[in-house]
Each structure stands twice: as C-alpha cells, then as structure tokens.
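Notes to accompany the following structure.
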Amino acid sequence: MEANKIDTLKAQIETQRNLLNTDRMDISFGEIMSMYERQEIVIKPAFQRYFRWDEEQRTRFIESLLLGIPVPPIFVAEDGTGVWELVDGLQRISTVLSFFGVLRSEDEGIKSKNGWALTEGDRVEALEGFDYETLPNLFRLNLKRATCRVEIIRWNSSYDMRFELFNRLNTGGSPLTAQEIRNCICRDISSKFNDFLKKLAEQKDFMALIDLDEEQRERLYHEELALRFISLHKNIKKVRTSIAQHMTSFMKLALDDDHFDYAKYERDFTNVFALLRPLGRDIFRQADGKFATALYDVITIGVGENYSYYKSKSSKVISDKIDREVRTDAVLRKFSRRGGNNQRERIINRLREAKRIFGKT
C-alpha cells in the first residue's frame, strides 16, 4: 500500500475521532433514579417510545438485575448545562423507574404504569405477584445497587458526528427510527422545532387523513410525514440528497435560522390538509389499503403548490384529479414503483409530476 494513502487514512480517522467527545461510567440504578428525581437526567418522549415492553419483558429485566446478570449500556447526551438526555435505553430505565413508582405522570399514559406487579420469572417463578411494596427490602436494595454502564456523548461533540453515532446505535430490540434520531439531535440544540413539528403532526385533519396505527404513531411516523411535507413544499430546487437526508438537513437549517417562518409553514400545512380532509383517508392509499408515500407526496405537494386555485373549488375537482390522473398517469406510476423511492431523482421527478398534474386549470 502506498505511503501517502496510509497517511491519508490515518489523518481522516484522527480527524473524525476528534469530532466526538465521549465518556463512560458505571452507575447504580439507585443513583439514576436520584438523578431523574433531581431532573439531572431527562427522558423525552419526543424521541423515545414509552413502554414497548410488556409485563413479561419488564419482569425479565428486573429478574436479570436481581440475579446479577450484566445488562447492556445506556447512552445519554449531555447538554450545555450538564443535564443528561436519555438516547438509548429507555425501556430499561423506565422499567426500573416505574417499578419503584417514581416515573413522572406528565406525559400521557405514564401514570398508570407505576407500581406494577411482577409476573412469573423465567428462572425465579416466585417473583409473580410481588411489587415494590411487597418485595423484601433486601431485594429492593439489590435493585438500587445494581450497576449499569453509561456511555456519555459530551455536549461539545460535533453535531454531525453525534447524529452519526445515534444513527448507528442498535443496542436494544427496537432501534431508534430516523425521526426519533432527528428529534433527539435537534432537541439538544433547541426544542422549538420539535415542539412545532409535534403540533403540526397532531392536527386533527392531518391525523384523520394519514390514519396511522398505534405502532406507527409510537415510532413518530406522523411527525416524519409532517416534516416530509414542509421540507418539500415549494422547495424542489433544494432537494439535493435522498429524502431522508433532505428532511434532516431541513430540520437542522430551520434550527439555525433565526428568521424561520414557523407561522407560514403552519398556515400552509393547516390549509392543505383542511382542504383535503373531506376526501378521506383513501386518497393516500393503494388498492390494497396500504399507505403510499408516493401518493402522499404527489397529492399534498401538488395541491399545496396550487392552493390558491383549489381552495375555491369543490372537493370533487381534486378528487377527479386524483382518480383520473394521479392513479392512472403512466409517468407518475413509473416514479412510484417500489424500490428506490427515496432517491433524489425519483423524488424530484415525482414532485414535477405533481406540479404538472395539479397545475392544470
């Protein structure tokens, strides 16, 4: 191997390593609970999912701690004030917090999860029926003293490297989705855009049209769809990457822009989905009933680009466009085939077709 190539390799690896500042420590679950109660460690449901584990899975984790079985590390991101935000390991931490009855009820559905009773363990069948109050103090102390490795991403790490690290995390059974990663990273800079996106994604007209199941909502697919619209709306010239990368860049740029027009984006979003609401959930679905992002993109962007024209028309005008052109247009169907839907050229061509179809008067 040529010496200059090896030197280049070494330089690139050293540069990238210097962008990430990490630390690690072993800490007891009792101390984690104390930090949580002092709000020194924060759980943010905007980028994590509460209680995907059922009672058996939670019992299995408590049993592991009681038996001294090592558990995977958790990952936290340190903000500028030294507070930790939990990035990976929510199921483990929330299981312990809720078993001890200290998980706060400020978020929906959390209060009912405190103080639950154990089921029969895999190796300790006698665990069944015990909760925090009835479990002998010896074992309560054992749980508090059980330790966990904490991997800390320091606040002065490079933004892009932190995103890359979060993107590669797969320590648990349910890796973070792309939108959860975006929310996690961006919230560390400011919660403003996250809160704005959550507000859009919970609008009734929008939710009725996308009509997602519970698991899709838990994985923040509704927020991803809301971000998808506002990042593409009147923005075709700035689509230079895959749709996933484009949405991430849009979110980051919005946070860096002190003049980002939140009101305008909210108004455009609200108007488009209010206009489409009478057409019902099927407008974004294929014949088999599955949600189709190709239909979502073409219809929402096409109507959004020409909102001033369609707002004075009846719903039937839009419905006819969808039935007679969107669902039958040969060029559009070519850009909507399965596989590669997120590639830059396919997205751009899809948006061009949306403007062509809905731009007719």
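Of the residues Ser314, Ser319, Ser242, which single one is free of Cβ contacts under 8 Å to residues at least 12 places away in the same chain and either over 26 Å from the mean Cα position of the chain (by Cα) or over 22 Å from Met207 (Cβ atoms) (or both)?
Values: Ser319 fails: free of Cβ contacts under 8 Å to residues at least 12 places away in the same chain; Ser242 fails: free of Cβ contacts under 8 Å to residues at least 12 places away in the same chain.
Selected residue: Ser314, the only one of Ser314, Ser319, Ser242 that is free of Cβ contacts under 8 Å to residues at least 12 places away in the same chain and either over 26 Å from the mean Cα position of the chain (by Cα) or over 22 Å from Met207 (Cβ atoms) (or both).
Just to be sure before I move on: is Thr95 crowded, with 17+ Cβ neighbours inside 10 Å and either under 16 Å from Cys148 (Cα atoms) or touching a strand residue (DSSP E or B) at 6+ places or on another chain (Cβ under 7 Å) (or both) in the structure I sent? Please lay out each step first, then the result.
Working: crowded, with 17+ Cβ neighbours inside 10 Å: yes; either under 16 Å from Cys148 (Cα atoms) or touching a strand residue (DSSP E or B) at 6+ places or on another chain (Cβ under 7 Å) (or both): yes.
Judged against the criteria, Thr95 is a match.
Looking only at region 13-36, how many residues end up being out of contact with any strand residue (DSSP E or B) (no Cβ under 7 Å at 6 or more places or on another chain), hydroxyl-bearing (Ser, Thr, Tyr) and surrounded by 11 or more Cβ atoms within 10 Å (Cβ to Cβ)? Walk me through it before giving the result.
Of all residues in region 13-36, those out of contact with any strand residue (DSSP E or B) (no Cβ under 7 Å at 6 or more places or on another chain) come to 13-21, 30-31, 33-34, 36.
Keeping just the survivors that are hydroxyl-bearing (Ser, Thr, Tyr) gives 15, 34, 36.
Restricting the remaining residues to those that are surrounded by 11 or more Cβ atoms within 10 Å (Cβ to Cβ) gives 34, 36.
Looking only at that region, the number is 2.
When the residues of region 71-91 are filtered to those that are of a type in the set (D, E, K, R) and buried (at least 16 other Cβ atoms within 10 Å of the Cβ), which remaining residue is modelled with the lowest pLDDT? So that I can check it myself, show each step before the final result.
Within region 71-91, the subset of a type in the set (D, E, K, R) is 78-79, 85, 88.
Checking the rest, the ones that are also buried (at least 16 other Cβ atoms within 10 Å of the Cβ) come to 78, 85, 88.
Working: Glu78: 82, Glu85: 81, Asp88: 77.
Out of the qualifying residues, it is Asp88.
Check Thr361 against each of (1) assigned to a loop (DSSP other than H, G, I, E, B); (2) at pLDDT 90 or above and name the one condition it does not meet.
With (1) assigned to a loop (DSSP other than H, G, I, E, B); (2) at pLDDT 90 or above applied to Thr361, the lone miss is (2).
Just to be sure I understand, how many residues within region 136-157 are assigned to a loop (DSSP other than H, G, I, E, B) and touching a residue at least 12 places away in the same chain (Cβ under 8 Å)? Don't jump to the end; show me each part of the working.
Keep residues of region 136-157 that are assigned to a loop (DSSP other than H, G, I, E, B), which gives 136, 146, 154-157.
Those left that are additionally touching a residue at least 12 places away in the same chain (Cβ under 8 Å): 146, 154-157.
So the answer is 5.
Return the residue satisfying two criteria in turn: it lies in region 272-302 and is aliphatic (A, V, I, L, M) and farther than 20 Å from Arg324 by Cβ, and of such residues it is surrounded by the fewest Cβ atoms within 10 Å (Cβ to Cβ). Don't jump to the end; show me each part of the working.
Of the residues in region 272-302, the ones aliphatic (A, V, I, L, M) are 272, 274-276, 279, 283, 287, 292, 294-295, 298-299, 301.
Checking which are farther than 20 Å from Arg324 by Cβ leaves us with 272, 274.
Numbers: Val272: 25, Ala274: 15.
Step by step, filter region 272-302, then rank; the result is Ala274.
Which numbered condition in (1) touching a Leu at 6+ places or on another chain (Cβ under 6 Å); (2) under 17 Å from Glu78 (Cα atoms); (3) modelled with pLDDT of 90 or more is the only one that Ser158 fails?
Unmet condition: (3).
May I ask you to say which residue of Lys204, Lys144, Lys199 is at pLDDT 85 or above, among the basic types (Lys, Arg), on the phi < 0 side of the Ramachandran plot and under 16 Å from the mean Cα position of the chain (by Cα)?
Details: Lys204 fails: under 16 Å from the mean Cα position of the chain (by Cα); Lys144 fails: under 16 Å from the mean Cα position of the chain (by Cα).
After applying the criteria, what remains is Lys199.
Please enumerate the residues belonging to region 1-26 that are of a type outside the set (A, V, I, L, M) and without any contact (Cβ under 8 Å) to a residue 24 or more places away in the chain.
Glu2, Asn4, Lys5, Asp7, Thr8, Lys10, Gln12, Glu14, Thr15, Arg17, Asn18
Provide a single number: the residues in region 242-271 that are surrounded by 14 or more Cβ atoms within 10 Å (Cβ to Cβ), more than 20 Å from Val298 (Cβ to Cβ) and of a type in the set (A, V, I, L, M, F, W, C).
The qualifying residues number 4.
Working carefully through the options Ala244, Ala274, Ala263, find the one that is modelled with pLDDT under 90 and in the same structural domain as Gln203 (by TED's automatic domain parsing).
Working: Ala274 fails: modelled with pLDDT under 90; Ala263 fails: modelled with pLDDT under 90.
Selected residue: Ala244, the only one of Ala244, Ala274, Ala263 that is modelled with pLDDT under 90 and in the same structural domain as Gln203 (by TED's automatic domain parsing).
Would you check which residues across region 119-133 are free of Cβ contacts under 8 Å to residues at least 12 places away in the same chain and surrounded by 10 or more Cβ atoms within 10 Å (Cβ to Cβ) and list them?
Glu128, the sole residue that qualifies.
Kindly list, by first and then second residue, each pair from a residue in region 219-238 that is at positive phi to a residue that is part of a helix (DSSP H, G or I), limited to pairs with Cβ atoms under 6 Å and residues at least 6 apart or on different chains.
Once the first residue is at positive phi and sits in region 219-238, its partners that are part of a helix (DSSP H, G or I) give Leu220/Gln179; Leu220/Glu180.
The values are calculated or read from the model by the stated rules, or taken from the named source; none is laboratory data. Because the structure is predicted, anything quoted here is derived from the model rather than measured. Don't worry about glycine lacking a Cβ; one is built from the backbone with ideal geometry, like all the others, and counts go over all protein chains shown.
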